[in-house]
Amino acid sequence: MLKSSTDSCALRPESNASEQPPPTISRRQFSRKAALAAAASISAPALLGTTAAPSASVQDQKGEPLKGLTPQQVADVDAKFANILRKYGDRFSDDQKKRLRRILAQHQRLMAPVREFAVQNGDPPASVLRVSFDRQSEHKEGSGD
Amino acid sequence: MLGEDVLYLSVRELGDQMRARKISPVELTESYLARSESLGPKLNAYATITRELALKQARAAEAEIAAGHYRGPLHGVPYGLKDLIAVEGYPTTWGAKPFANRTFDYNATIVEKLNRAGAVLIGKVAMIELAGGLGYSSAHASLQGASKNPWNMKYWTCGSSSGSGAVVSAALAPWALGSDTRGSTICPGAWCGIAALRPSFGRVSRYGAMAIAWSMDKLCPMARTADDCGLVLSVIGGHDPKDIDSVPGDFRYPAPELEPKKPLRIGRLTNAWNKLDPGLDDSVNAALKILEQNGAHVSDAAIPDGPYEQVAELTIQMEAVSSFQDLIESGRCFELEDPLGKINGYAGSEFSVTDYLQVQRVRTFLQKQIDRLFEHYDVLATAGESSAASLIEEVDDDSEGPIGTREPDGISSLCGLPALTVPCGFSKDKLPFGVQFIGRAQNDHAVIAAARLYQSHSDWHEKRPPIT
């Protein structure tokens, strides 16, 4: 977890959702949750190639329950897992599928503190477009000078 | 053939002797070639030994020096090149089976610079497959096999510049080029008991080098001394319009006027690493004591809180998926050696654009935060790695485990900071320890100055591994 900083230019204070839960769900949150829920609900049986009595075989492919994740994070993992299997499912062994899902869970753990980090509208990413090129050198290179 | 006493000389010493015509570039090259062909296979140090090219370049250097045309400190000096850098007409395997037979028809910028400097390419050096770009969990994840540590061949050299560490440590060449996205040069440097410099991001052109993470990849000199690293950087550094992240200007060395004013201010990191090997902390403190006795000001410093390690790891994974998209989509990643490397890219493909941008926006804050530390220090100091070398058979699969939040390689790589490790002692198993100095972005001179000051008052870098 991040500590609040004494320097106003340093880390922005976190949005402390646990202390002040939003009274209503935002449109963006709703869209995200809805998409995850939809993906999770259609993904497991349909995308793992099982249509009837899916629970046993789905669980076999998914492996052990994921520890330390919120239900929303687990749903996100399973939506992504299903998407990978939809596109590339025949490439993986059962063990690889289980490991893949554990890696996706690890991504959730990595992303959690980053998602919690509050950024404002104008805060730019570290990767920015450079609009100043060394045109002279490139021209020389291209023209064989 | 020249003996070990010559082959273990520094780049500066070799250059001085060649300039004075006391050593023949051809004889030196033949001696390193013979040692490389004898010890190289035992250490799994090389991908390709470029004997014909080396001798051709050595003969040219010898003729030029004899004619009074001395090109500079690398003229006639052999070196090894990590096998992710394009050399026209020679295999460039990236350490990975899918590229085992691939050659490029052009030279990387760095190779062109070294050719102009009259340097002698001994060979393409072994590495971890794709430099670990799609993840790896063991020393064996390499087309060339696990590189063995010259200090004890049951132990690994670390990766991904695994062969570069072995080559310099065993004096198969006086210096080698490695690369570093997050720790791939500093760790082999520390574990092999040599000097390894990760320059500031953008200092060295990467045109013609394999990309993992564009915003974090660096090419790095590994040598016997910090001074040698500076000499090499003065040749390979400098602006290149072919690399969009290349910073303006050249890198001059030596340049006393660009070094920190005395006394050197060193911040001893008190909260780096989760756990250090027994004895390593003592060795680092002893190194800092030596620096203090020789005029440096040493005081405690702390890495600020922040998700540095997470942002570093995520940046690499997200950018690597794009770098190796063809390999992932074609399924050829399943030809990789490492079980993790076969599948990791598919998981990484599921990151969203929003996730990537959030990671990069947080990164901006972290960069500013770490930069402010350098208002009080010229360099930060800590162990080069958290332990001495690990056994080759030890599997280190941390892809699903907890992640450390204050590992200096993640923090400094993420923020493009220069770092330099030099040897500072040995473990109880007689394996090298390293102390690293981390500088402000673009202040490569500070880390070289700090490490050079330490090496001028210590002799760990003169120890030789028990390999013959």
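Given a cut-off of 32 Å, name the pairs among B:LYS242/B:LYS463; A:LYS98/B:LYS275; B:LYS22/B:LYS218; B:LYS242/B:LYS430 whose C-alpha atoms lie farther apart than that in the structure shown.
Cα-Cα > 32 Å for B:LYS242/B:LYS463; B:LYS22/B:LYS218; B:LYS242/B:LYS430; rest within.
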q = 0.09, 0.14, 0.20 Å⁻¹: log10 I(q)/I(0) that the Debye formula gives for the stretch B:353-468, counting C-alpha atoms only: -0.34, -0.75, -1.16
Fraction of the pair-distance distribution of the stretch A:59-116 above 19 Å, Cα-Cα pairs, percent: 25 percent
For q = 0.07, 0.09, 0.10 Å⁻¹, Debye-computed log10 I/I(0) when each Cα of chain B counts as one equal scatterer: -0.31, -0.52, -0.65
Antiparallel bridge percentage (DSSP; both residues within chain B; nearest 5): 70 percent
The stretch B:381-390 - phi-based ³J(HN,Hα) in whole Hz, Karplus 6.51/-1.76/1.60, Gly and Pro as x: 10, 6, 5, x, 8, 6, 8, 6, 4, 9
Shielding score for B:346-354, defined as the mean number of other chain Cβ atoms within 10 Å: 6
Accessible area of the protein assembly as shown divided out per residue, in Å², using a probe of 1.4 angstrom: 41 Å²
Charge dipole (debye, nearest 20) of chain B; +1 at Cβ of Lys and Arg, -1 at Cβ of Asp and Glu: 1120 debye
Fraction of beta bridges assigned by DSSP in the protein assembly as shown that are antiparallel (%, nearest 5): 70 percent
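Quick check on the stretch B:301-399: take the gyration tensor over C-alpha atoms, sort the square-rooted eigenvalues as a ≥ b ≥ c, and tell me if it's rounded (a/c under 1.5), prolate or oblate.
oblate
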Assigned charges on the beta-carbon of Lys, Arg, Asp, Glu; the stretch B:262-330 dipole about Cα centre (debye): 580 debye
Mean Cβ count within 10 Å, highest first, over the residues of peptides B:83-90, B:309-316: B:309-316, B:83-90
Per-pair calculated FRET efficiency, R0 = 41 Å: B:ASP326 and B:GLU64 via Cβ, rounded to 0.05: 0.45
Label zone at B:ASP250 (point 7 Å along Cα-to-Cβ), backbone N below 20 Å, the stretch B:1-42: B:12, B:15-16, B:19
R0 of 56 Å, Cβ-Cβ distance B:LEU55-A:ARG86: FRET efficiency to nearest 0.05: 0.50
Label-point separation, A:ASN121 to B:LYS242 (7 Å along Cα→Cβ), nm: 4.4 nm
Virtual spin-label span in nm between B:ASN271 and B:LEU391, 7 Å along Cα→Cβ: 3.5 nm
Percent breakdown of C-alpha pair distances by 10 Å bin, ordered from the shortest bin, for the stretch B:153-204: 30, 55, 14, 1
Share of carbon and sulfur in the accessible heavy-atom surface of the protein assembly as shown [1.4 Å probe, %]: 51 percent
Average partner coverage of A:113-120, which counts Cβ from other chains inside 10 Å: 6
Where N is the number of residues in the stretch B:11-70, Cα Rg divided by 2.2 N^0.38 Å: 1.23
Ratio Rg/Rh, restricted to the protein assembly as shown and using Cα atoms, in which Rh is the Kirkwood radius: 0.98
Largest-first ellipsoid semi-axes for the stretch B:49-195, taking √(5λ) over the Cα gyration tensor eigenvalues, angstrom: 27, 18, 12
Other-chain or far-sequence residues with amide H under 5 Å of B:VAL298's (modelled H): B:ILE266
Among B:THR315, B:THR354, B:VAL235 - extreme Cα towards positive end, dipole of the stretch B:217-371, charges at beta-carbon: B:VAL235
Accessible area (Å², 1.4 Å probe, nearest 10) - B:TYR136: 60 Å²
Distance between modelled label sites at B:LYS289 and B:GLU375, nm, 7 Å Cα→Cβ extension: 3.4 nm
Mean-position separation - Cα centroids, the stretch B:31-90 and the stretch A:80-131, in angstrom: 43 Å
Overall Cα dimensions of the stretch B:250-312, principal axis frame, Å, largest first: 37, 31, 17
Computed lengthening from B:GLU88 to B:GLU257, 0.36 nm per intervening residue step minus Cα-Cα distance: 57.0 nm
Protein accessible surface hidden between B and A, which excludes ligands and nucleic acids, total in Å², probe 1.4 Å: 4100 Å²
Burial order of peptide ranges B:2-11, B:162-171 (average beta-carbon count within 10 Å, highest first): B:162-171, B:2-11
For B:TYR155, residues with placed amide H under 5 Å, excluding near neighbours: B:ASN149, B:ILE392
10 Å Cβ neighbours from other chains, averaged over peptide A:99-105: 5
Residues A:SER93 and B:ASP459, FRET efficiency given R0 of 56 Å [Cβ-Cβ distance, rounded to 0.05]: 0.60
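The values are calculated or read from the model by the stated rules, or taken from the named source; none is laboratory data. All values reported here derive from a predicted model rather than from experimental measurement. Every residue, glycine as well, gets a Cβ built from its backbone with ideal geometry; the counts of neighbours run over all protein chains shown. Side chains included, ligands, DNA and RNA excluded: accessible areas come from the protein's heavy atoms. Shrake-Rupley method; radii C 1.70, N 1.55, O 1.52, S 1.80 Å.
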